[in-house]
1. How many residues does the stretch 157-183 hold that are more than 16 Å from ligand 1 (Cβ to nearest atom), surrounded by fewer than 15 Cβ atoms within 10 Å (Cβ to Cβ) and of a type in the set (Val, Ile, Thr)?
2. List, please: which pairs have Cβ atoms under 7 Å, are six or more places apart or on different chains, and start with a residue in the stretch 142-157 that is under 8 Å from residue 116 (Cβ atoms) and at pLDDT 95 or above and end with one that is assigned to a helix (DSSP H, G or I) and within 7 Å of ligand 1 (Cβ to nearest atom)?
3. Do the conditions hold for residue 39, that is, is it among the charged types (D, E, K, R), within 16 Å of ligand 2 (Cβ to nearest atom) and part of a helix (DSSP H, G or I)?
4. Would you call residue 84 under 19 Å from the mean Cα position of the chain (by Cα), buried (at least 18 other Cβ atoms within 10 Å of the Cβ) and either modelled with pLDDT under 95 or within 16 Å of ligand 1 (Cβ to nearest atom) (or both)?
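The values are calculated or read from the model by the stated rules, or taken from the named source; none is laboratory data. Since the structure is predicted, the reported quantities are computational estimates derived from the model, not experimental observations. For neighbour counting, all protein chains shown are included, and Cβ atoms are generated from backbone atoms with ideal geometry for every residue, glycine included.
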Amino acid sequence: MSKEITPGSPYSPVARTLHWITVVVVFGMIPVGLTMSYRGNVLDLWDGLTNTLYSSHKLLGFLLLWLTAGRLAYRLLHGAPPDVPTLAWWEKAASHVVHWLLYGLLLVVPMLGWIGVSLFPALDIFGLFNLPALAKPDEEAAKRVLGIHGKLALTLGALAILHIAAALYHRLIRRDGVMRRMWPGLG
Ligand code: HEM
Ligand code: HEM
């Protein structure tokens, strides 16, 4: 018997779990990225803490890239529940554009980070192993790529804040069940 899909249907437990893991990781990655690059590039402080922050940032970002690839494959195979029917056409369109931009940035930002550390090269993780190299060393190109990486990461953060504001607007003002669709821990 196939499962009934109603307009108020929540996202599947898999989709919700992947969404909330992504939220926690992204909101950890941005402050860690800013702190490590400030300690390294501005304070020129290359101590144990700076190196630990760099290794954690590279490893977590690398894992997030594969998590996002898996999430996108799952999304394309399984789709999403139908939009809440009370949304205007432009609200549906705007939310879809923002969601796909978020997916795009969740792929492009860590890819640029990985390409940047390949070019530098700075692939070492905690002195234990290296990430696979994607390009031959070229420090100037590395700086350019990592500069774009940082700017796009902040764009991802800004877009996520807009997305969260929309979710809170639906929860607190419209009270139309949009937030509930993605809430963790539903049956
Ligand atoms: C979604 C995942 C990621 C996010 C949100 C993110 C975010 C950031 C942010 C906000 C910065 C600081 C930029 C600045 O100082 O202006 C940064 C720097 C950096 N990121 Fe990421 N990052 C991610 C993934 C990665 C990955 C996968 C790698 C490498 C494997 C990486 C390597 C770096 C490096 C090396 C820097 C420092 C650049 C420098 O020292 O100038 N990042 N990242
Ligand atoms: C880094 C932060 C975040 C990212 C990257 C992100 C990303 C996404 C993406 C890509 C989707 C589309 C899912 C799909 O249709 O496949 C989505 C949906 C959703 N997100 Fe987030 N999200 C973030 C944070 C949050 C937060 C903090 C909340 C709640 C306060 C939230 C609430 C929602 C809701 C309610 C939906 C479903 C919208 C609908 O029913 O159309 N998100 N999110």
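1. The total comes to 1.
2. 142/116; 145/116; 146/116; 149/109; 149/113; 149/116
3. no
4. No.
Residue-wise test of (1) in a loop (DSSP other than H, G, I, E, B); (2) more than 21 Å from the chain's Cα centre (by Cα); (3) more than 9 Å from ligand 1 (Cβ to nearest atom).
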residue	(1), (2), (3)
91	no, yes, yes
103	no, no, yes
106	no, no, no
114	no, no, no
122	yes, yes, no
133	yes, yes, yes
155	no, no, yes
